[in-house]
Amino acid sequence: MGSGMTMITKPHDRSALEQEQFLKILSREDAIARFEAALFPRAISSEMRRLADALGAALAEDVTAPIDVPPFDRSNVDGFAVRSADLAAAGEVSPVRLVLNNETIHCGTAPTLQVAAGTATPIATGGPLPRGADAVVMVEHTQPAGSDAIDVRRAVSPGQFVSYAGSDIARGEALLRTGTIIGSREIGMLAACGIAGVTVARKPRVAVISTGDELVQPGEALAPAEIYDTNGAIVAAAIDENGGEAVFLGAIPDDEAKLEAAMRSALADADMLVLSGGTSKGAGDLSHRIINRLGAPGIIAHGVALKPGKPLCLAVCDGKPVVILPGFPTSAMFTFHDMIVPVLRRMAGLPPRSDAKVSATVPVRIASELGRTEFVMVSLVEGNNGLIAYPSGKGSGAITSFAQADGFLRIDALADQMPAGTDAEVTLFTPHVRVPDLVIVGSHCTGLDLVTAQLAHAGLSVRSIAVGSLGGLAAAKRGECDLAPIHLFDDKSETYNTPYLVDGLELVPGWRRMQGIVFRKGDKRFEGLGATEAVAAALADPACIMVNRNQGAGTRILIDRLLGEARPEGYWNQPRSHNAVAAAVAQHRADWGMTIAPVAHAANLGFIPFAEEHYDFALVTARKQRPAVQAFLDALGSDEARTALERAGFRPA
Ligand code: AMP
Ligand code: MG
């Protein structure tokens, strides 16, 4: 926890509101303790696996070495098996002559003749040492003396170039312990001992069901108001990643009878059941009601003081865990990793996951809800004094906030914020931090991907964090990024971007984007008009609804210029992206808005050009010489990028 965190000793009492929705909100720790108490201890079921099928499985019992490895004293080199005492006086000027015995020991040849005093036996690497010999001389250290003798000019110590029986693995030695995950190295040890199969923990079969009338499986067409089932795929994959065997049973509509039938048949042949969605106890939320009919003791926790993830429901039905994850994919994943993975791994006979942690500075204040342990996903970038953890601002409905983050930090239930500058502990999603080669923080534009594609293809990693022009500028001033893409109009000078630069930043011209009015093709109110006339026509029609943009967006400045004092219907609908504006118009939630030409054309909307906007880059001068920055500047100026930008509807500067 950060040192400067505000601690509040008396949390607000908001239980009245929560009790309406949830029976009893448990703390994260209480919920985990009760869930585990209802499930453990339990026997881990095991099965025999052939070595070839054992990769990734967890050993269910200790393995003891049944033989010595190597099984006999073995030569490590090509040479001659000798008695070291014979060579005690050997030297450069006093060679010792040894008579060769009449056999050669190859790999796989058992010796038949004893090495008597004054003799030697030719031996290959891996050959068993014959009786009488106690060392090996390398062939390079001998000279032939006729066809049946050698001269040796150096002394050898007993045991030279010999691996003794059992020196690698000794018979009876504990080879591998219960819980060890079998990788290629373990398979090698088992094979060396001649073990063909091992007893491993049987992977728990985990049935996965998504719930919701709105869900469609990937690959199928999306009808209005439907979304793709994200949780089914991601939960199944996370189960497999943590030692389970996921059995995905699809998305079931919010229908009590259908859902109950699906849950009963899933539980009948699975060790665990994981559902997602339908936990908020709203009208259509049924799964928690069904659970209490599936077996004792039933629901253990419904509602946990976690953010994201409050609607989590934990149950045990006749010894089997039944979990309902929240519907929002990010909430589902957090609760799954934080509270379900430990249980799954224990059932799978695996040790607890050891997550790597790093410390990083939080550059902005993060507000947090009192009374709930809050997890905040962060992207890591390298700052001037160590790592910086940028919170991902997309919220619990965003799947990208999970996929693009490097890890997460935790804000204590009793803190209402994490102040800017806090030194926080970040739990990583992967074993190592991989800080990106190039960090771009600011306004996002689809054109940016066309330029950075070249860097990605050259093996450079690029992290682009969308925080808007002003946020990017602030990050650049703090030296937290290499480049800040901005499109900020200055009223006074009537120019873009340059007036916003400060010492330490320089402008790299990017490209021009045509901003204009979008409307559905064929809308007679707008066809054939210029931008000013189109807005006048919209204002004249009380039935006409607009879609605005968020405060701080470059596009918003243009809209305000056109609207003046007018506040038409839809003014307060203020989405944060060009695409959201196009979607609102295309789906008839609004009749007009302002977006950039490439987005309007991609959505097949009518477009009235209004103003060409300058999308440029504030470059942090101190970082200009970094190879990735140079690569970006090269890519930006390349014919390839210019052509791609033009094709997409942008005009390179
Ligand atoms: P619910 O808990 O069912 O009310 O769902 C909360 C939110 O999560 C709604 O916006 C759902 O559409 C969404 N959601 C539920 N299940 C899934 C899923 N499997 N994939 C993606 N989103 C989902
Ligand atoms: Mg639902």
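The values are calculated or read from the model by the stated rules, or taken from the named source; none is laboratory data. What you are looking at is a predicted structure, and each value in this text was computed from that prediction instead of being measured. FYI the Cβ positions are ideal-geometry reconstructions off the backbone, even for glycines, and counts take in every protein chain you see. Areas reflect the complete protein model, heavy atoms only, side chains present, ligands, DNA and RNA absent. Shrake-Rupley method; radii C 1.70, N 1.55, O 1.52, S 1.80 Å.
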Cβ-Cβ under 6 Å pairs, at least 6 apart or on other chains, the range 212-238 side free of Cβ contacts under 8 Å to residues at least 40 places away in the same chain, far side surrounded by fewer than 17 Cβ atoms within 10 Å (Cβ to Cβ) and of a type in the set (Val, Ile, Thr)
GLU214/ILE227; LEU222/VAL216; GLU226/VAL216; TYR228/VAL216
Out of contact with any Asp or Glu (no Cβ under 9 Å at 6 or more places or on another chain), over 30 Å from LEU129 (Cα atoms) and open to solvent by 50 Å² or more (accessible area, probe 1.4 Å), is that true of ILE209?
no
When ALA456 is run through (1) in contact (Cβ under 8 Å) with a residue 12 or more places away in the chain; (2) assigned by TED's automatic domain parsing to the domain that holds ASP634, the failure sits at (1)
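Checking the conditions here, which among THR119, THR125, THR109 is modelled with pLDDT under 95 and under 20 Å from ASP73 (Cα atoms)?
Only one candidate qualifies: THR109.
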Residue tally, condition in contact with a Phe, Trp or Tyr (Cβ under 6 Å, 6 or more places away or on another chain) and under 26 Å from ARG647 (Cα atoms), over the range 519-549:
2
What number of residues within the range 476-499 are in contact with a helix residue (DSSP H, G or I) (Cβ under 6 Å, 6 or more places away or on another chain) and hydroxyl-bearing (Ser, Thr, Tyr)?
1
Report whether or not SER27 is outside the structural domain of THR125 (by TED's automatic domain parsing), over 22 Å from ARG202 (Cα atoms), out of contact with any His (no Cβ under 7 Å at 6 or more places or on another chain) and surrounded by 13 or more Cβ atoms within 10 Å (Cβ to Cβ).
yes
Can you name every residue in the range 248-257 that is over 18 Å from ALA233 (Cβ atoms) and either crowded, with 23+ Cβ neighbours inside 10 Å or within 16 Å of ligand 2 (Cβ to nearest atom) (or both)?
PRO253, ASP254, ASP255, GLU256
Does ALA611 qualify as being open to solvent by less than 10 Å² (accessible area, probe 1.4 Å), assigned to a strand (DSSP E or B) and touching a residue at least 60 places away in the same chain (Cβ under 8 Å)?
no
Lone qualifier among GLU245, GLU260, GLU226, GLU220 - being within 13 Å of ligand 2 (Cβ to nearest atom), open to solvent by 10 Å² or more (accessible area, probe 1.4 Å), modelled with pLDDT of 95 or more and among the charged types (D, E, K, R)
GLU226
Are any residues in the range 329-351 open to solvent by 30 Å² or more (accessible area, probe 1.4 Å) and at pLDDT below 90, and if so, which ones?
PRO351
